[in-house]
Structure formats: C-alpha cells, structure tokens
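The values are calculated or read from the model by the stated rules, or taken from the named source; none is laboratory data. Note that this is a predicted model, so its numbers are computed, not measured. For neighbour counting, all protein chains shown are included, and Cβ atoms are generated from backbone atoms with ideal geometry for every residue, glycine included.
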Amino acid sequence: MGPSRRSVLAGTLAGIGTAAIATSGRAASNAARFSLKFAPHEGSFASRGGVIEQIAYAADQGFTAWEDNEATSRPVAQQEAMAKAFRQRGMTMGVLVASMPKWSQYRPLLGSGDRTEQDAMLADIRASIDVAKRFDARWMTVVTGFMDPKVPVDIQTARIIEVMRRAGDIAAQHDVVLVMEPLNTITNHPNIFMRTIPQGFAVATAVNNPSVKVLADLYHAQIQAGNLIPTLDSCWDEIAYIQFGDNPGRLEPGTGEINYHNIVRWLKARRYAGVIGMEHGNSLDGRAGEDRLIAAYRAIDAA
C-alpha cells in the first residue's frame, strides 16, 4: 500500500513472452474464471470507464475479486453501487484501508505512548467497519504507524501490541479481520514501523486474536528482505491476505525479479483460497496495458 495506487507510474515491460500478450488492440472477453481470487482495483482497466464499468469488465475477464484502498473515502451511494455490482457478479471484496496514515507527516507514532493517536486509529477502525459491512468485506488493512526515534524499539513494539489488542477486540465484535501490512523502508516508506512479514508475525502472535493477522505484500517483502517462499512458509499461520506487485517498478508479474509462477504454485499447494490483491500499476498505458495485465495473470494462474 502507498499514498495512492492510482498514482503508480507506468514503466517498461520485461520478462513476459510476447506470444502471451494480446496485440490486436482489442481485448476479447474471456469468461473463464481465474483459479485464484486475483483482485484488480480502480485504474487496472481505466479505459473501460468508471469504477462500475471497470468492475464489470474485470468480471467478464474472469476476475472474481476486487480491492479498494480508498473505499472509506467514497460517497455512500457509490459504495452501495459497487457492492451491488460485486453481488451481481459473484465477486469477493478484498481489503479496504481501515485507517489511512498521514504519509507526508510520518504519523501516527503508535509506539510513542501517545494515547490520542492510538485512540484516533481505533476510531477510524470503528467507522470503517460500517463501510466493510456495506461491501460484505472481511479484511481491513492497518498500518501500524511510524518509528518514534525517541523510544526504544522494544517499547514501541509492546505498545503496538497493546493497541492492536484493543483493535482486535473491536474487529472481533463484527467478524472482520484487521491485516497489518509491513511496508518497505528502502524505496517507498522510510521510517515506517512494521517492515517485514516476520515482524508482523511476532506482533500478531503476541496479540493472539484471530481478528488480527498479517497482510503479505510481496512487492514490499521482496525489497525489504526477499526470501519470499521460506518467509511465507514460516509465518503462514498469521498471514490472512496476499498482495502481488513486481520489483522494481511495482508493476504486473513478469516485469521484474519476482518469480510469481513459483509463488502461485506454492499458494496452490497450500490451497490458499483467499484474495490476492493486484497492488500495482500497469506497465503500458491504455488498452494495450490492460491486455498485457490480463495476459500476465493468465500466465501465472496456469502455473
């Protein structure tokens, strides 16, 4: 996750065989459903119209899920229209962001001991639950804030465990799952607190609530630490949601260094039935980029 998925810049494609890419200038409808719940987002199919038209097009191409970081900021009427489209198409709603950090201010500092910032995040979670119910959404993303340079890391960790216990109690009352997202500090989010999947695993294990789990965004994980499959394997009990994005560039699979064919094989062997958010941009603009996006996911889904 970042300040806005819609602002991800297009890059150049490498690593996808051109034979797998539609070149006709027109994407043919493909009703065959993907075997995994890959979830596009607004902007994945921007040439098709507004968000409702994009959802319909995605469903026509075989996608069975959708993701929307910005769901809580949408007008209620639009939320309801999107939810209706999901139900009509049999699509699963993926994550929405429960409490958006103040990226430019490097806030909140949840480990600082400032109860005001902690309470503000919990208030955001309570408000977001109404939105999640509107979408029949099960998962909500939580970013555990930024590092406080004045407080030892171990103390910050203990405080974040405590606030996530409070958050988990709220979520459990409404049968939703808060998924904490580790983010990379090297390319996108300097000074973020939660940086690795194992760190998220440690916090989730200490919280000990099935309503508090980890979101494994493999773009961030590759930048920060790599070793993706062994890390997923060792932390699997606390991982409830997956996101894809290749590195470098944060574009579709096949544009960078991550072997998503092997990742998909591993997830299928694990019988992962959850949503996989397509948390990235398209490597080409317009319909050519949309065709290429679909082809990239067809290729890895066949793994």
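Scanning the range 268-303 for residues that are of a type in the set (A, V, I, L, M), within 22 Å of Asp233 (Cα to Cα) and crowded, with 20+ Cβ neighbours inside 10 Å gives Val275, Ile276, Met278, Ile300.
As for the range 17-27, it holds no residue that is modelled with pLDDT of 95 or more and charged (D, E, K, R). Against the criterion of being on the phi > 0 side of the Ramachandran plot, part of a loop (DSSP other than H, G, I, E, B) and out of contact with any Ser or Thr (no Cβ under 9 Å at 6 or more places or on another chain), Gly226 qualifies.
Taking the criterion of being of a type in the set (A, V, I, L, M) and surrounded by 24 or more Cβ atoms within 10 Å (Cβ to Cβ), the residues of the range 179-193 that qualify are Val179, Met180, Leu183. Just one of (1) aliphatic (A, V, I, L, M); (2) in contact with a His (Cβ under 6 Å, 6 or more places away or on another chain); (3) in a loop (DSSP other than H, G, I, E, B) fails for Ile300. It is (3). Only one entry of Thr116, Thr92 meets the criterion of being β-branched (Val, Ile, Thr), surrounded by fewer than 15 Cβ atoms within 10 Å (Cβ to Cβ) and modelled with pLDDT of 95 or more, and that entry is Thr116. Within the range 59-79, if we keep just the residues that are of a type in the set (S, T, N, Q) and in a loop (DSSP other than H, G, I, E, B), the residue that is farthest from Gln243 (Cα to Cα) turns out to be Gln61. Within the range 46-58, identify whether any single residue is at positive phi and assigned to a loop (DSSP other than H, G, I, E, B), and answer yes or no. Checked against the condition, which is being at positive phi and assigned to a loop (DSSP other than H, G, I, E, B), the range 46-58 yields at least one hit.
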